[in-house]
Amino acid sequence: MRLHIFTQLTMMCVGHAFLISADHCKSPSAATGFVNEKYYGLWYEIGKMQTPGGAAFEKDCVCTTIDVSQVKGATNGDATAVNSCRKLAPSGEFLNATGSLTDEAVPGHWKEGFFPLVPKVDYRVIYLDDHLAIEYDCSTVLWMTNYCVHLLARTPTISDADEQKLLDFANGLGLNTQNIPYKKTLQNGCW
Ligand SMILES: *[C@@H]1O[C@H](CO)[C@@H](O)[C@H](O)[C@H]1NC(C)=O
């Protein structure tokens, strides 16, 4: 009997530990053949899977773009990512936020910080070709894991096949641990 209770408790603990550990940041490899220069420049956000607690300023975003450039004179990979979008509608006010990409551990794997004192997030470009990219950022603060998988392209829209290809790639890596529905980003009527 005692053994039985002990076994049950153990199983509960294991079950609980599993629930917590199922939700943590993933460590996908950076895109094969990644070089910073290929990532620099303007990207349009095609869509994303983002946890509700993620970057709050992105919640109301449409017409979202990211403009990545090397920090002037930097030789350590430091870069700037200007996140720009419009609030709720293409005519809405600009919601811009400049992220600093620092601590590039391997090409394509940075830390991103928006404000001093706010913890930086892990920032990885996990897919990159001449036209498309996927960026995964994630942070765990007080056991709360927040992440965003951004599908990016050099053009405001892409083919359904390309979009599906990127989604399959991200899902194949098991990045969407909280099963957040994919949300397409409005890019029509923005320019
Ligand atoms: C926001 O960013 C966009 C794109 O870089 C730029 O055109 C616009 O002037 C910026 N607006 C504000 C208010 O910073």
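The values are calculated or read from the model by the stated rules, or taken from the named source; none is laboratory data. The shown structure was predicted, so the numbers you read here are calculated from the model rather than taken from an experiment. Glycine also receives a Cβ, built like all others from the backbone with ideal geometry; neighbour counts cover every protein chain displayed.
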Requested in this report: Can you give me the number of residues within region 26-46 that are under 21 Å from Arg86 (Cα atoms) and crowded, with 21+ Cβ neighbours inside 10 Å?
Outcome: 3
Query - All positions within region 131-156 that are outside any strand (DSSP E or B) and either of a type in the set (D, E, K, R) or under 19 Å from Tyr40 (Cβ atoms) (or both) - result: His131, Arg154, Thr155, Pro156
Requested in this report: Can you tell me which residue among Ser100, Ser69, Ser84, Ser29 is in a strand (DSSP E or B), more than 14 Å from the ligand (Cβ to nearest atom) and polar (S, T, N, Q)?
Outcome: Ser100
Report summary line: Result of the Cβ filter at 7 Å on region 72-93, keeping first residues that are over 20 Å from Leu152 (Cβ atoms) and partners that are near the ligand (Cβ under 9 Å from one of its atoms) and acidic (Asp, Glu), at least 6 apart or interchain, is Lys87/Glu93
**Report entry** Candidate set from region 107-130 (those that are among the β-branched types (Val, Ile, Thr) and part of a strand (DSSP E or B)); member that is surrounded by the fewest Cβ atoms within 10 Å (Cβ to Cβ)
**Finding:** Ile126
Query raised in the report: Hey, does region 146-159 have a residue that's more than 21 Å from Cys61 (Cα to Cα) and at pLDDT below 95?
Result: no
Query raised in the report: Does Val62 satisfy the criteria of being of a type in the set (Val, Ile, Thr), assigned to a strand (DSSP E or B), more than 16 Å from the chain's Cα centre (by Cα) and within 16 Å of the ligand (Cβ to nearest atom)?
Result: yes
Query raised in the report: Applying the selection to region 87-97, what residues are assigned to a strand (DSSP E or B) and either more than 16 Å from the ligand (Cβ to nearest atom) or charged (D, E, K, R) (or both)?
Result: Lys87
